[in-house]
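As structure tokens, the structure follows; a few thoughts come after it.
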Amino acid sequence: MTVKKKPQAGGSEGVYTHELEYLLREELDLADITAGVAAAVTKSGFNSGSATVFVPGATGAVTCLEYEPGVIADFKDALERIAPRSMQYEHNRFQADGNGHSHVRAGLLGPSLAIPFVDGQLTLGVWQQVTLVNFDNRSRRRRVIVQVIGA
């Protein structure tokens, strides 16, 4: 889904919405989606503003990480310490999907991220990549909504 920018009366400001999709194959699968977010900003035609990245669903999240094997391993280990798979979750008592830990992890990280851009470029640091995370205990096709507000 791509929605064209809708300028405000008398100006070139507006909103542009673009949808991306990624297949995440397993629990704690991560994807570097920086290029897709940057492309949405470019397609918006705006020079400066803010891009909001949002993941619909209760077991997905988005964050910024240095997307390299060491950080990814450390991130996964930290999540296991914070919300271990083996812990008892009330959600699992009421649902048969066994993914209570997935909901807790996603809630801790959050479904959205706002990134400013200037001169059409995301203002990420050298070692920052926009990272999509699947916390569910199975494969998921994840939609990512990028909404660009700018001028």
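Residue 65 - would you say it is under 16 Å from the mean Cα position of the chain (by Cα) and not polar (S, T, N, Q)? Yes, satisfied.
Just to verify a result, which residue in the stretch 9-32, among those that are under 20 Å from residue 118 (Cβ atoms) and surrounded by 19 or more Cβ atoms within 10 Å (Cβ to Cβ), is farthest from the chain's Cα centre (by Cα)?
Checked the stretch 9-32; the qualifying residue farthest from the chain's Cα centre (by Cα) is 16.
Checked against (1) surrounded by 12 or more Cβ atoms within 10 Å (Cβ to Cβ); (2) in contact (Cβ under 8 Å) with a residue 40 or more places away in the chain, residue 114 passes all but a single condition, namely (1).
Checking every residue in the stretch 96-104 against the condition of being more than 19 Å from the chain's Cα centre (by Cα), among the small types (Gly, Ala, Ser) and at negative phi gives at least one match.
For residue 59, the stated conditions hold: it is over 25 Å from residue 126 (Cα atoms), modelled with pLDDT of 95 or more, among the β-branched types (Val, Ile, Thr) and buried (at least 17 other Cβ atoms within 10 Å of the Cβ).
Looking across the stretch 76-104, the residues that are among the aliphatic types (A, V, I, L, M) and more than 11 Å from residue 27 (Cβ to Cβ) come down to 78, 82, 83, 87, 96, 104. Are any of the residues in the stretch 117-129 closer than 21 Å to residue 25 by Cα, at pLDDT 95 or above and not in a loop (DSSP other than H, G, I, E, B)? Among the residues of the stretch 117-129, at least one is closer than 21 Å to residue 25 by Cα, at pLDDT 95 or above and not in a loop (DSSP other than H, G, I, E, B), which makes the answer yes. Total residues in the stretch 105-116 satisfying the condition of being closer than 23 Å to residue 39 by Cα and either basic (Lys, Arg) or part of a helix (DSSP H, G or I) (or both): the figure is 0. Scanning the stretch 66-104 for residues that are assigned to a helix (DSSP H, G or I) and either in contact (Cβ under 8 Å) with a residue 60 or more places away in the chain or touching a Ser or Thr at 6+ places or on another chain (Cβ under 8 Å) (or both) yields 102, 103. Residues in the stretch 35-65 that are part of a loop (DSSP other than H, G, I, E, B) and either among the basic types (Lys, Arg) or on the phi < 0 side of the Ramachandran plot (or both): 46, 47, 48, 55, 56, 58, 59.
The values are calculated or read from the model by the stated rules, or taken from the named source; none is laboratory data. Predicted model, so just to flag it, every value in this text is computed and none were measured. Neighbour counts run over all protein chains shown; Cβ positions are idealised from the backbone, glycine included.
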